[in-house]
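The values are calculated or read from the model by the stated rules, or taken from the named source; none is laboratory data. Since the structure is predicted, the reported quantities are computational estimates derived from the model, not experimental observations. FYI the Cβ positions are ideal-geometry reconstructions off the backbone, even for glycines, and counts take in every protein chain you see.
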Amino acid sequence: MRLSYTPRYWCDIGEGHRFPMSKYERVRDRLVGEGSVLPDDLVEPEPATDDLLRLVHTDDYLERLSAGQLSDREIRRLGFPWSRALVQRARCAVAGTLAAARCALETGASANLAGGTHHAFPDHGEAFCTLNDMAVTIRVLRRERRVRRVAIVDCDVHQGNANAEIFDGDDDTLTFSMHGAGNYPLFKKTSDIDIELPKGAGDGEFMAALDSVVPGMLDRFKPDLVLYQAGVDPHEDDRLGTLALTIDGLAARDRFVFDACRHVGVPVVSTMGGGYGRRLETTIEAHCNTIRVLKDVFEG
């Protein structure tokens, strides 16, 4: 199984920033160090070009983002200080998900050790999401006539608001988001299927809700590809989460999604999504579990 990774997923955002930028390298290092992933399994993506990004993002946004001309308000909304390395990072994350999707269409499953930027809108970024890897991937694969129907399964604690807006009215893209009620974003967009769970829902309520939707959704919609946003911020110790899942509950969530995809024979791509644990070690372990489970389901 080939996975997308590059050291350029890291960039300097300053000391003390609440976004755990080091998690990308540390997830890679742990997976390779324990033998779950071989070094040769990792494919380094080149930055996505404007030609690809324009399938989702506006010329004005791309030009100002690349030139460092975002307004102070836009920078605050994005949550990152601007730098050329930040732009490069975002372009690489898009390319990483696209490369993983191409691999998945050939082999059944793949993952990007970054991505899941479901808050990046065509004309702006927000909440640590600069460019929308999932939306660009869908548009590129359609242009290449590799897919028609695509389902986004978003299990991050925050609603995938940008994906909901970008694909509003697109009958060939199904957007499903299961997230915490009352959490960011304050004003939700409307996905094809939204499930809001109460604060402190826990493993049992989360899994029951997932079971009530995902198998039937995949069976009815019959996608050519599933893009899975596997944010680990539903964890009970996450600073930005509310759903109180355990480490084992997150792994069970991942297994359920991957098993459901394999059962109906649809390729799946996992993207990393959010994770802001009070202990970085917990976030690293949760992200690693996603890849371990993916490999177990499709290679075990």
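Filter segment 24-64 for residues that are of a type in the set (Lys, Arg) and touching a helix residue (DSSP H, G or I) at 6+ places or on another chain (Cβ under 6 Å) and give the result.
Hits for segment 24-64 are Arg26, Arg30.
Does Leu240 satisfy the condition of being closer than 21 Å to Ala93 by Cβ and in a loop (DSSP other than H, G, I, E, B)? Spell out the reasoning first.
Values: closer than 21 Å to Ala93 by Cβ: yes; in a loop (DSSP other than H, G, I, E, B): yes.
So Leu240 passes the test.
Checking the condition over 24 Å from Glu165 (Cα atoms) and modelled with pLDDT under 95, which residue from Glu44, Glu106, Glu15, Glu34 passes?
Glu15
Residue by residue through segment 119-167, note down the ones that are touching a helix residue (DSSP H, G or I) at 6+ places or on another chain (Cβ under 9 Å), among the acidic types (Asp, Glu), within 22 Å of Met178 (Cα to Cα) and surrounded by fewer than 24 Cβ atoms within 10 Å (Cβ to Cβ).
Glu126
Filter segment 202-223 for residues that are charged (D, E, K, R) and at negative phi; which is surrounded by the most Cβ atoms within 10 Å (Cβ to Cβ)?
Among them, the one singled out is Asp203.
Can you pull out the residues in segment 83-118 that are outside any helix (DSSP H, G or I) and crowded, with 19+ Cβ neighbours inside 10 Å?
Ala109, Ser110, Ala111, Asn112, Leu113, Ala114, Gly115, Gly116, Thr117, His118
Go over the candidates Thr190, Thr175 one by one and state the one that is crowded, with 22+ Cβ neighbours inside 10 Å and either β-branched (Val, Ile, Thr) or at pLDDT below 95 (or both).
Sole residue among the options that is crowded, with 22+ Cβ neighbours inside 10 Å and either β-branched (Val, Ile, Thr) or at pLDDT below 95 (or both): Thr175.
Restricting to segment 60-76, give me the number of residues that are among the aliphatic types (A, V, I, L, M), surrounded by 16 or more Cβ atoms within 10 Å (Cβ to Cβ) and assigned to a helix (DSSP H, G or I).
The number of residues fulfilling the criteria is 2.
Does Asp203 satisfy the condition of being touching a helix residue (DSSP H, G or I) at 6+ places or on another chain (Cβ under 6 Å) and assigned to a helix (DSSP H, G or I)?
Yes, satisfied.
Among the residues of segment 224-237, write down those that are touching a strand residue (DSSP E or B) at 6+ places or on another chain (Cβ under 7 Å), of a type outside the set (Ser, Thr, Tyr) and crowded, with 24+ Cβ neighbours inside 10 Å.
Within segment 224-237, the first condition is being touching a strand residue (DSSP E or B) at 6+ places or on another chain (Cβ under 7 Å), and the residues that meet it are 224-230, 234-237.
Now narrow it down to the ones that are of a type outside the set (Ser, Thr, Tyr): 224-227, 229-230, 234-237.
Selection gives Val226, Leu227, Gln229, Ala230, Pro234, His235.
Quick one: in segment 247-291, of everything that is aliphatic (A, V, I, L, M) and in a loop (DSSP other than H, G, I, E, B), which residue is surrounded by the most Cβ atoms within 10 Å (Cβ to Cβ)?
So the residue we want is Met272.
Just one of Leu42, Leu31 is surrounded by 17 or more Cβ atoms within 10 Å (Cβ to Cβ) and either basic (Lys, Arg) or in contact (Cβ under 8 Å) with a residue 12 or more places away in the chain (or both); which is it?
Among Leu42, Leu31, only Leu31 is surrounded by 17 or more Cβ atoms within 10 Å (Cβ to Cβ) and either basic (Lys, Arg) or in contact (Cβ under 8 Å) with a residue 12 or more places away in the chain (or both).
For the list (1) assigned to a helix (DSSP H, G or I); (2) buried (at least 18 other Cβ atoms within 10 Å of the Cβ), I need the number of the one condition that His57 fails.
(1)
Conditions first: (1) surrounded by 14 or more Cβ atoms within 10 Å (Cβ to Cβ); (2) in contact with a Leu (Cβ under 8 Å, 6 or more places away or on another chain); (3) touching a residue at least 12 places away in the same chain (Cβ under 8 Å). Lys199 passes all but one, so which condition is the exception?
Checking Lys199 against (1) surrounded by 14 or more Cβ atoms within 10 Å (Cβ to Cβ); (2) in contact with a Leu (Cβ under 8 Å, 6 or more places away or on another chain); (3) touching a residue at least 12 places away in the same chain (Cβ under 8 Å), the one that fails is (1).
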